[in-house]
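Working notes, beginning with the structure itself.
Throughout, read-outs are computed from the coordinates displayed, never taken from laboratory work. Just so you know, these numbers come straight off a predicted model, no measurement behind them. Here Cβ is always computed from backbone atoms with ideal geometry, including for glycine, and neighbour counts include all displayed protein chains.
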Number of protein chains: 2
Amino acid sequence: MTAKQDKIWMQRALSLAEKGRGYVSPNPMVGCVIVSEEGDVIGEGYHERYGKAHAEVNAMNQVDDADNLKNATVYVTLEPCSHHGKTPPCAQMLADKPIKRVVVAMKDPSEKVNGRGLELLRNEGIDVDTGILQKEAKELNECWLHYIEFNRPFITLKIAQTADGYIAAPNGDSKWISSKESREKVHIWRSQNDAVMVGRNTALHDNPSLTVRLVEGRQPKRVVIDGPFELPRNLNLFSDQFEEKTIVITHNRKKSKDEADPMLKMLQSNYFRGEIIHVEKVNGHSRLKEGMRKLADHGITSLLVEGGQQLSSALLKRGLVDRLQLFIAPKLLGGGTKSIVNLDINRMEDIVPFRDHNWQQTGQDILLTANL
Amino acid sequence: MTAKQDKIWMQRALSLAEKGRGYVSPNPMVGCVIVSEEGDVIGEGYHERYGKAHAEVNAMNQVDDADNLKNATVYVTLEPCSHHGKTPPCAQMLADKPIKRVVVAMKDPSEKVNGRGLELLRNEGIDVDTGILQKEAKELNECWLHYIEFNRPFITLKIAQTADGYIAAPNGDSKWISSKESREKVHIWRSQNDAVMVGRNTALHDNPSLTVRLVEGRQPKRVVIDGPFELPRNLNLFSDQFEEKTIVITHNRKKSKDEADPMLKMLQSNYFRGEIIHVEKVNGHSRLKEGMRKLADHGITSLLVEGGQQLSSALLKRGLVDRLQLFIAPKLLGGGTKSIVNLDINRMEDIVPFRDHNWQQTGQDILLTANL
């Protein structure tokens, strides 16, 4: 195979991997293409759903004639696993086949693998090439890599504001500041993130359902920070068909214990069917960092935060935002709720610069995407 | 001439007219091209400076051989004048030549002309065609047309803010929120507007000189609203080389009278060499509408307003902004001075929609241009 052919097949494997987006967390997305000695694709597959077969297995299962595997090349977007998890180790499975070469886009940095998959293959006499479309592979699994490295979800903060920086009119209304195209984009993001989060005030005043409606896509978990655990139970987050997908982050120790108690649940007719995460209270607020870490423990690798002012500002101030998605609508309010406050920046020199940023028009609005 | 040729020559005339930008106010920009019967350009000209010759005269002066004027066509971007102003009427001057046809982009809507120039030409037996590139001609003289119609300058409000809508850090500093490319654009606008205006607080705290430095261009007049007429005289606006180009709008009747009194001036060594506009006081503030009308009386047809918060908001609230130029920098302050406040909009439905708008990247920033 030439280097150019390697890239073509790896690109195909990346496209396959992408199909698993939203369904494989907290696993990474992985795609695999098997090419015969003659240069024909004889198997393709991707990791389709958490707990189900890995990409390499799905691709191998597609191979009709085992003879074709002789001297074949396997393209896989992530280092094959070397450990027994929910499925047997893929590296060994590949090594047991008469293949000649494995091409890997990037090493798996997670503790359980971290090069051992590549080592196993090499020890079994298989040619291994790595780094083909590595940049693209890292981008594909950006959130998962972040989750592995920092033990918290990759956090995207979405804000929709007027050109003068207000997210709601003085009467509290915010429907709709941004254009339909912008709102559709948000629904796509919802379907791609493991969870969507709002603060207590937003839950109370806007009563959002945080569902995927404007586009087709899978429903993410819904996280609400409710320090005292006192939000009314008739809110959409607690009463609609996705109630079980709601996670409450609270510092109310007693309530979080009671609500999680199966015995007490049985005694209540309308007990809360979602999950509860208990965190410590600091300065009257639930500890955000602890909350994020515990979301990671719950398998949330990517989190889309949809306001409001207090939560957005608190996350930014604590360095808990990885990407800002700021929709700016061509409108002026000149009053109401400001988008971001209390960052405790006093001088221009103290502004924390974005790592990079990009402006993109969406409908009538402009979208600032900034990495922090 | 074909319609296509008409457009080509008129486009040339418009390009010539543009060269007068910044130098002809309160006159409009006008360009003129004379084309012989054979289709050769025999004369070109534009209105170069207020008080000097009109475009038609300058073009006619270029004609070497008067014989070439026989059956020639004259392209002029604005209806030739029919009245004696600083110069004799151009319509009569053209009618006296052996030309065949005059092509005019747009009628002159000002009271003194308003079709009389075209009528004069037609009565003298000259073919007159109007409306060729009319849209472009109106755009060229957008400010002047506004000034003629509404008897106040065309007001452009420029604001440079962070992505979250702050124009200064909590310590008052605003240098520099926007990128170099954005600031250069502002200097170009300064050179193109008849005057640049700031409010009292901006004059006091930023001590701007409002000069054209980052680009080549002519220095506009500088307007500062100083209700009590108490700003310190050592500010740049009152003490630099352009002091005579400074106009103070004040409601201090006594001071505006004293400062304008030639006898009192002679008695003072450091009297104010600029102009003074007196307006009434309303709710403790100088009457903005009256100030704008009086600026028009002073020959200001276009005004660039460069903040700050109080002046920007007051102009917007009173419907005195014709175009908003809002630079948004990819930075967050989360505190400081908000760009726009107190518009008294309570509900989303009460937002005044822009007539049209456009997003454009300038350096790192995005620029929202909106017509109100």
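Neighbour counts of C-beta atoms inside 10 Å place A:SER302, B:SER110 in the sequence B:SER110, A:SER302, starting with the fewest. Sorted shortest first, the distances from the A:GLY115 label point to those of the same residue in the other copies are 8.9 nm; each point sits 7 Å from Cα along Cα-to-Cβ. Taking the longest Cα principal axis of chain B as reference, the axis of helix B:288-297 is set at about 30 degrees.
Between copies, B:VAL41 shows label-point distances of 5.9 nm, shortest first, with the point placed 7 angstrom from Cα along Cα to C-beta. Descending by average beta-carbon neighbour count within 10 Å, the peptides B:330-336, A:145-151 line up as B:330-336, A:145-151, the highest first.
The residues A:THR2, A:THR301, when put in order of fewest to most other Cβ atoms within 10 Å, stand as A:THR2, A:THR301. What residue among B:GLY31, B:THR2, B:GLY43 has its Cα farthest toward the positive end of the dipole of the range B:1-62, where the charges are +1 on Lys, Arg and -1 on Asp, Glu, each on the Cβ? With unit charges placed on the Cβ atoms, the residue in question is B:GLY31. For chain A, the mean residue ellipticity at 222 nm estimated from helices alone is -8000 deg cm²/dmol, where every DSSP H run of n ≥ 4 contributes -39500 (n - 2.57) and the total is divided by all residues, rounded to the nearest 500. Other protein chain C-beta atoms within 10 Å of residue C-beta, averaged over A:157-166: 6. Ranking B:LEU303, B:GLN241, B:LEU320 by how far each Cα lies toward the positive end of the dipole of the range B:237-372 (charges on Cβ) leaves B:LEU320 at the top.
Projecting the Cα atoms of B:HIS146, B:PRO228, B:LEU133 onto the dipole axis of the protein assembly as shown, where Lys and Arg carry +1 and Asp and Glu carry -1 at the beta carbon, places B:PRO228 farthest toward the positive end.
The same position A:ASP261 in the other copies lies at 8.9 nm from this copy, comparing label points 7 Å beyond Cα toward the beta-carbon, shortest first. Cα centroids of the range B:23-102 and the range A:1-68: 75 Å apart.
The calculated FRET efficiency for B:GLU149 paired with B:ARG355, based on their beta-carbon distance and R0 = 22 Å, is about 0.90. Here the Karplus relation 6.51 cos²θ - 1.76 cosθ + 1.60, evaluated at θ = phi - 60°, turns the backbone of the range B:63-70 into coupling constants of 5, 6, 10, 4, 4, 5, 6, 4 Hz, with x for every Gly and Pro. The mean sequence separation of alpha-carbon pairs under 8 Å and at least six residues apart, normalised by the residue count of chain B, gives a relative contact order of 16 percent.
Annotation for A:GLU142 and A:GLU111: the two label points, set 7 Å from Cα along the Cα-Cβ direction, are 2.7 nm apart. The aspartates and glutamates whose alpha-carbon is closer than 16 Å to the alpha-carbon of B:LYS158, local same-chain residues fewer than 8 away aside, are A:ASP164, B:GLU181, B:GLU184, B:ASP194, B:ASP206, B:GLU306, B:ASP322, B:ASP365. Each residue of the range A:84-89 was assigned a 3J(HN,Hα) from its phi angle through the Karplus expression (A = 6.51, B = -1.76, C = 1.60, θ = phi - 60°), giving 7, x, 5, 9, x, x Hz with x at Gly and Pro. When B:LEU343, A:LEU326 are sorted by how many other C-beta atoms sit within 10 angstrom of their C-beta, beginning with the fewest, the order is B:LEU343, A:LEU326.
The two copies B and A are related by a rotation, and the chain B beta carbon nearest its axis, with distance in whole angstrom, is B:GLY165, 1.
Using the average count of surrounding beta-carbon atoms within 10 Å as a protection proxy, the listed peptides B:19-30, A:25-36 rank, highest first, as A:25-36, B:19-30. Just to verify a number: FRET efficiency for B:TYR23 and A:LYS180, C-beta to C-beta distance, R0 = 51 Å, to 0.05? For B:TYR23 and A:LYS180, the calculated efficiency is 0.65. Nothing charged except the Cβ atoms of Lys and Arg (+1) and of Asp and Glu (-1): what's the magnitude of the dipole of the protein assembly as shown about its Cα centre? Round to the nearest 20 debye. For the protein assembly as shown, the charge dipole is close to 2320 debye. Residue by residue along B:349-359, Cβ atoms of other protein chains within 10 Å of the local Cβ number 4 on average. Amide hydrogen proximity for B:VAL102: with H placed 1.01 Å from N in the peptide plane, the residues at 5 or more positions away or on another chain lying under 5 Å are B:VAL74, B:ASP127, B:VAL128, B:ASP129. Report the FRET efficiency, 1/(1 + (r/R0)^6), for A:THR130 and A:GLU244, where r is their Cβ-Cβ distance and R0 is 35 Å, rounded to 0.05. FRET efficiency, A:THR130 to A:GLU244: 0.30. Would you mind checking the pairs B:LYS138/B:LYS289; B:LYS86/B:LYS112; B:LYS52/B:LYS185 and listing those with alpha carbons more than 19 angstrom apart? Check vs 19 Å cut-off fails for B:LYS138/B:LYS289; B:LYS52/B:LYS185.
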